[in-house]
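K.L.:
This is the structure, below, for whatever I ask next.
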Amino acid sequence: MAQQLANLFTRVGQIGFGVAVVGGVVNSALYNVDAGHRAVIFDRFAGVKDTVTGEGTHFFIPWVQRPIVFDARTRPRNVPVITGSKDLQTVNITLRVLFHPMSDELPKIFTTLGIDYEDRVLPSITNEVLKAVVARYDAGELITQREKVSRNVSEQLTERSAQFGLVLDDISITHLTFGKEFTQAVELKQVAQQEAERAKFLVEKAEQEKKAAVISADGDASAATLLAKSFGEAGEGLVELRRIEAAEDIAYRLAKNRNVAYLPSNQNTLLSLPQ
């Protein structure tokens, strides 16, 4: 009985060992492709296979084959470039690119560029396209026609990247500055424009004051002419009328003044007031 139990345990151990070995072999022949990723197979005898493997768990031949997994999701990349404008101004520009590889082109990408394809392609073609496009515009046009510049860059860069199996989902200019000399020139121009506007305002103000003085002088001359004409026609009557109007105005002002008292004439008062 003891011998049978020993044989049974030995048999179970052998089966367990065999299962473990088989499980290890099977596990070593499996690989996983996560969501948003793709894989290509490198075969030691046939090279890189044209088949692209999608998401999930797949088999491969250990030692003979090796899976290379690529991230096929859209990713951002900022590329800074220093270039020159049409009017020879230094331009510092940064381009933000959202890209992903074409799944069908992954075997070719791995064969020609390697796993770090974006580091090999994007900086070089971005420099090339940006320098070609920016050189068509002067510094002022880069600011006022920024949307047009961005559109031209997008069209050319999309065409160039497609040659390397890349798709550009979005392209935008995130940073645009100029050299120190251009910045100083812009500031001086703004100051000069402000001074010119101030001088223009002073000239217009002086002209308005001159016109006002002329109009006032014309009014005084017209009034003097009318007065002279009135004196000639009415004689002393006009002077008497002006005297009466002045007396009325004085009487009105004195009546409103509380410090002025009126006393009847030919009346005795407590104080002897001079007549």
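The values are calculated or read from the model by the stated rules, or taken from the named source; none is laboratory data. Source: prediction; values computed, not measured. Counting neighbours? That spans all protein chains shown, and the Cβs are built from the backbone with ideal geometry, glycine included. Ligands, DNA and RNA are excluded from the accessible area calculation, which covers all protein heavy atoms including side chains. Shrake-Rupley method; radii C 1.70, N 1.55, O 1.52, S 1.80 Å.
K.L.:
Yes or no: the range 78-88 includes at least one residue that is buried (at least 17 other Cβ atoms within 10 Å of the Cβ), aliphatic (A, V, I, L, M) and out of contact with any Phe, Trp or Tyr (no Cβ under 9 Å at 6 or more places or on another chain).
P.N.:
Start the filter on the range 78-88 by keeping residues that are buried (at least 17 other Cβ atoms within 10 Å of the Cβ), which leaves 79, 81, 85.
Narrowing further to those that are aliphatic (A, V, I, L, M): 79, 81.
The next check asks that each one be out of contact with any Phe, Trp or Tyr (no Cβ under 9 Å at 6 or more places or on another chain); those that pass are 79, 81.
Yes.
K.L.:
Please verify whether the range 128-137 includes one or more residues that are within 21 Å of THR174 (Cα to Cα), of a type in the set (Gly, Ala, Ser) and open to solvent by 10 Å² or more (accessible area, probe 1.4 Å). Let's see the steps before the verdict.
P.N.:
Initial filter on the range 128-137 (within 21 Å of THR174 (Cα to Cα)): 128-137.
This time we only want the ones that are of a type in the set (Gly, Ala, Ser), so: 132, 135.
Now restrict to residues that are open to solvent by 10 Å² or more (accessible area, probe 1.4 Å): 132, 135.
Checking the range 128-137: at least one residue is within 21 Å of THR174 (Cα to Cα), of a type in the set (Gly, Ala, Ser) and open to solvent by 10 Å² or more (accessible area, probe 1.4 Å).
K.L.:
Continuing with this model, one more query. Quickly run through the range 26-76 and pick out the residues that are among the basic types (Lys, Arg) and part of a loop (DSSP other than H, G, I, E, B).
P.N.:
Our first condition is that a residue be among the basic types (Lys, Arg); within the range 26-76, this holds for 38, 44, 49, 66, 73, 75.
ARG44, ARG73, listed by residue number.
K.L.:
Only one of ILE109, ILE125 is more than 29 Å from the chain's Cα centre (by Cα), of a type outside the set (Ser, Thr, Tyr) and open to solvent by less than 30 Å² (accessible area, probe 1.4 Å). Can you tell me which? Walk me through how you get there before you give the answer.
P.N.:
Details: ILE125 fails: more than 29 Å from the chain's Cα centre (by Cα).
Checking each option against the conditions leaves just ILE109.
K.L.:
Same structure, new question: How about the range 185-209: which of its residues are modelled with pLDDT of 75 or more and among the β-branched types (Val, Ile, Thr)?
P.N.:
VAL203
K.L.:
Name the residue that is farthest from GLU55 (Cα to Cα), counting only residues in the range 89-101 that are of a type in the set (A, V, I, L, M) and surrounded by 17 or more Cβ atoms within 10 Å (Cβ to Cβ). I'd like the intermediate steps shown before the answer.
P.N.:
Let us first name the residues in the range 89-101 that are of a type in the set (A, V, I, L, M), namely 91, 93, 95, 97-98.
Going one step further and asking which of them are surrounded by 17 or more Cβ atoms within 10 Å (Cβ to Cβ), we end up with 91, 93, 95, 97.
On the way: VAL91: 44, ILE93: 38, LEU95: 32, VAL97: 25 Å.
Within the range 89-101, the match that is farthest from GLU55 (Cα to Cα) is VAL91.
K.L.:
Let me ask something else. Can we say ILE115 is among the hydrophobic types (A, V, I, L, M, F, W, C), open to solvent by 40 Å² or more (accessible area, probe 1.4 Å) and modelled with pLDDT of 90 or more? If you could, list the steps in order and put the result at the bottom.
P.N.:
Numbers: among the hydrophobic types (A, V, I, L, M, F, W, C): yes; open to solvent by 40 Å² or more (accessible area, probe 1.4 Å): yes; modelled with pLDDT of 90 or more: yes.
Yes.
K.L.:
If I go through the range 103-155 residue by residue, how many of them are within 19 Å of ALA72 (Cα to Cα), in contact with a Lys or Arg (Cβ under 9 Å, 6 or more places away or on another chain), in contact (Cβ under 8 Å) with a residue 24 or more places away in the chain and not in a helix (DSSP H, G or I)?
P.N.:
Count: 1.
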